[in-house]
Amino acid sequence: MKHNLSLIFKTNLGFTLVELLVSIVIIVILSTLGIASFNTANTRNELQNQGKEIQSVMRKLRTDSVAAVKPVTGDGSAGDPSCKAPTPGTEDQGTYYGSWIILDKNTTPHSFYTGSACLDASDNPLYGSSSPTNLTNGVSFGDLPNGDLREVIFFTFDGQVFSAVHPVSDFPPTGDPRPDWLKDPTSFGSTPVTNAIAIQLMSGSTPYYIYLNGAGLICAQEDNPGTCAN
């Protein structure tokens, strides 16, 4: 009996080469699936965060435009103009038309920047644009509503929303929209938004969408087409 037990223990010590190879293959497969799942979740989170950031910026632009919130940038003098006079009780320094955001695929990485349409009596802009904000690493613009490399969305003070391919600028280097376009978007190549339009963000082959409709409702979601109903 003792002899038989020792044989049993000896024959069951360690693993065979085939068993080791099978174990390694299983570990590699599980690790690959885990990494792929993590990368997918990370990509989706980056897209959602970037989409919600742009959505938040656009909502603020529209709210400020409807409320006619004029930005104060300078002291109101000729050399340091301001859309709104910084001294309470004094007259505003310019005529306010609304705010805009430019989505730019010409930059690396892709970027967006904002500004306000405020002009003086000579149609000179009194408020420049913000510095470009680069999209999150790995995220880029996909299809834009007008199918070009640079899109401008304009929120007017009376609540309207306009979409257009970015017009040729008279004010380099920032590339802000021209005064005549800001004063009369429809006559200078812009289209009023009636049906919902979509701004597409991409990370690899994964899309994410920001939708706008003519009422100025803005929503971010993953499905396409979207409705901005939620």
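Once you have the Cα-Cα distance between Val22 and Thr108, take 0.36 nm times their residue separation minus that, and quote the gain in nm to one decimal.
Separation in residues times 0.36 nm, less the Cα-Cα distance, equals 26.4 nm.
Considering only Cα-Cα distances, which of the following residue pairs are longer than 21 Å: Lys52/Lys105; Lys52/Lys183; Lys52/Lys84?
Table pairs above 21 Å Cα-Cα are Lys52/Lys183; Lys52/Lys84.
Report, by chain and number, residues whose modeled amide H sits under 5 Å from the one on Gly142, excluding near sequence neighbours (fewer than 5 apart, same chain).
So Gly142 has HN proximity to Gln200, Leu201, Met202.
Given the Cα-Cα distance of Ala121 and Gln48 and 0.36 nm per residue of separation, how much length would full extension add, in nm?
That works out to 22.1 nm of additional length.
How big is the accessible area of Asp92 in square angstrom, nearest 10, if you roll a 1.4 angstrom probe over the protein chains?
It works out to around 70 Å².
How would the range 44-85 be classified by its alpha-carbon gyration tensor: rounded, prolate or oblate, with rounded meaning a/c under 1.5 and the a/b versus b/c comparison settling the rest?
Here the range 44-85 falls in the oblate category.
The values are calculated or read from the model by the stated rules, or taken from the named source; none is laboratory data. All values reported here derive from a predicted model rather than from experimental measurement. Areas reflect the complete protein model, heavy atoms only, side chains present, ligands, DNA and RNA absent. Shrake-Rupley method; radii C 1.70, N 1.55, O 1.52, S 1.80 Å.
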